[in-house]
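Enquirer: The structure follows.
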Protein chains: 2
Amino acid sequence: MRMAELSRRTGVPVPTIKYYLREGLLLPGERTSPNQAFYDASHVRRLKMIRALADVGGLPIAKVRDVLDTVDSPEEPFEVLGTVQKSIEPPSIEGEGEHWDAARKHVAEVLADRGWPRDLDCPPAKTLIAALASVYELGRDDLAGLVERYAEAAEQVAVIDVATVTEARSLEDVIEGVVIGTVLGEKMFGALRRLAHQYATAKALGIDPDSGERE
Amino acid sequence: MRMAELSRRTGVPVPTIKYYLREGLLLPGERTSPNQAFYDASHVRRLKMIRALADVGGLPIAKVRDVLDTVDSPEEPFEVLGTVQKSIEPPSIEGEGEHWDAARKHVAEVLADRGWPRDLDCPPAKTLIAALASVYELGRDDLAGLVERYAEAAEQVAVIDVATVTEARSLEDVIEGVVIGTVLGEKMFGALRRLAHQYATAKALGIDPDSGERE
């Protein structure tokens, strides 16, 4: 198909497609004349993936490229996971002092208790340490204990994720599933947690969650 | 204390403190002379909260102000939750077509099955619909079934959250707990899920998670 049709099918405007081509996110179509190229189903799919990661996943274009580069040069799923995690992780803050020491110690204990990899320097561990240090700095030690309980629930979710993703037919689909599961899965879980908060808060307060009235 | 001391105690640079004062995120200190003001423990605490929401939670300053405005005019915790959710939710994308219809139907079913509020227009429901529509658009219906399983795990997490937050001594602490739990809790859970992914993926592939070698 020509670019106009590619745009129509994916809902992505032509100037945006041209931008993605320039930035190397989308592979060039097959040239049929100096001014024309032909695009196929792989381009449609790739555009949808770019939109999913950028619009829904909220990743900046440079990170979308990092993630797609990983998908393009398929390594082992375990390596892909590491690269995707690194790409999507926001830059982490590092700090010093008693609250940070407490956070680091707490996270090391959780990782050891669960038998998870003990690397405190990997991107998600750094994010966790920063969030926990913040909770300690705010003097809300009462909330720090949530980490152990979250860890248990997170492991349940991760085991389901891995089982679901590895059921895919091809290695390509597994790799893509890792990317979608990591980025969109996080959006979905976050939204579901917030929906569940409405329900659980209303229940705890004896409020009808649909009307907001006290029952 | 004077502003220099406030800066030293919180690690927030003086120009940044002045910016927060101008933007109304931080209440003015008590004037002791035309050029001097006195700050107290409430300013220290507020600055820590601003940094937690902005630096760790990743909220833009305008959203931090929305959240703090809610904390300042305490409504019922249920109302606060709604306001905080609205403030932190990224702008949601809306779309049309079969994939969006399928996503809306799917989300409505999940809400009904779990007995959660059925409002498809609330911010987290919109985020969930957009993420799920994206999964359908990518033709990965095999991943859409994750939503039911996530919903179950999310409810467990939310019930723990609400029980923990409502244990706080004062209404102020409960309100603050809702804010911290919603914003930092999401960061913590996301990081833990990614850590658990490393563990679960390595386990499924028979890889030693610490060395990355096949066992």
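What follows is calculated from the coordinates using simple rules that are stated; it is not laboratory data. Just so it is clear, the structure is predicted and the values come from calculations on it, not from any experiment. Neighbour counts are summed over all protein chains in view; Cβ atoms, including those assigned to glycine, are modelled from backbone coordinates with ideal geometry.
Enquirer: Determine which member of the set A:Glu137, A:Glu79 is in contact with a Gly (Cβ under 9 Å, 6 or more places away or on another chain) and over 30 Å from B:Ile175 (Cα atoms). Please lay out each step first, then the result.
Expert: Working: A:Glu137 fails: over 30 Å from B:Ile175 (Cα atoms).
Testing whether each residue is in contact with a Gly (Cβ under 9 Å, 6 or more places away or on another chain) and over 30 Å from B:Ile175 (Cα atoms) leaves just A:Glu79.
Enquirer: Just one of A:Leu25, A:Leu68 is of a type in the set (A, V, I, L, M), surrounded by 18 or more Cβ atoms within 10 Å (Cβ to Cβ) and under 18 Å from the mean Cα position of the chain (by Cα); which is it?
Expert: Details: A:Leu25 fails: under 18 Å from the mean Cα position of the chain (by Cα).
Testing whether each residue is of a type in the set (A, V, I, L, M), surrounded by 18 or more Cβ atoms within 10 Å (Cβ to Cβ) and under 18 Å from the mean Cα position of the chain (by Cα) leaves just A:Leu68.
Enquirer: Can we say B:Ala130 is under 30 Å from A:Arg118 (Cα atoms) and either assigned to a helix (DSSP H, G or I) or among the hydrophobic types (A, V, I, L, M, F, W, C) (or both)?
Expert: On the way: under 30 Å from A:Arg118 (Cα atoms): no; either assigned to a helix (DSSP H, G or I) or among the hydrophobic types (A, V, I, L, M, F, W, C) (or both): yes.
The answer is no for B:Ala130.
Enquirer: If you take the residues in the stretch A:71-96 that are of a type in the set (A, V, I, L, M, F, W, C) and in contact with a Ser or Thr (Cβ under 8 Å, 6 or more places away or on another chain), which one is surrounded by the fewest Cβ atoms within 10 Å (Cβ to Cβ)?
Expert: So in the stretch A:71-96, the residues of a type in the set (A, V, I, L, M, F, W, C) come out as A:71, A:78, A:80-81, A:84, A:88, A:93.
Retained after the next criterion (residues that are in contact with a Ser or Thr (Cβ under 8 Å, 6 or more places away or on another chain)): A:78, A:80-81, A:84, A:88.
Details: A:Phe78: 18, A:Val80: 22, A:Leu81: 26, A:Val84: 24, A:Ile88: 23.
So, considering only residues that are of a type in the set (A, V, I, L, M, F, W, C) and in contact with a Ser or Thr (Cβ under 8 Å, 6 or more places away or on another chain), the one surrounded by the fewest Cβ atoms within 10 Å (Cβ to Cβ) is A:Phe78.
Enquirer: Could you tell me how many of the residues in the stretch B:111-132 are more than 8 Å from chain A (Cβ to nearest Cβ) and over 20 Å from the mean Cα position of the chain (by Cα)?
Expert: Matching residues across the stretch B:111-132 total 2.
Enquirer: What do you reckon, is B:Ala151 within 14 Å of A:His197 (Cα to Cα), assigned to a helix (DSSP H, G or I), at the interface with chain A (Cβ under 10 Å from one of its Cβ atoms) and touching a residue at least 40 places away in the same chain (Cβ under 8 Å)?
Expert: Numbers: within 14 Å of A:His197 (Cα to Cα): yes; assigned to a helix (DSSP H, G or I): yes; at the interface with chain A (Cβ under 10 Å from one of its Cβ atoms): yes; touching a residue at least 40 places away in the same chain (Cβ under 8 Å): yes.
When the stated conditions are applied, B:Ala151 passes them.
Enquirer: Only one residue in B:Ile61, B:Ile88 is touching a helix residue (DSSP H, G or I) at 6+ places or on another chain (Cβ under 8 Å) and in contact (Cβ under 8 Å) with a residue 60 or more places away in the chain, so which one is that? Please lay out each step first, then the result.
Expert: Details: B:Ile61 fails: in contact (Cβ under 8 Å) with a residue 60 or more places away in the chain.
Within the list B:Ile61, B:Ile88, the selection yields B:Ile88.
Enquirer: Which residue pairs have Cβ atoms under 8 Å apart, sit 6 or more places apart or on different chains, and have a first residue in the stretch A:129-146 that is farther than 18 Å from A:Ile93 by Cβ and a second that is in a loop (DSSP other than H, G, I, E, B)?
Expert: Taking only residues 6 or more apart or on different chains, the pairs are A:Asp142/B:Glu167; A:Asp142/B:Ala168.
Enquirer: In the stretch A:181-215, how many residues are in a helix (DSSP H, G or I), within 7 Å of chain B (Cβ to nearest Cβ) and surrounded by fewer than 21 Cβ atoms within 10 Å (Cβ to Cβ)?
Expert: Looking only at that region, the number is 4.
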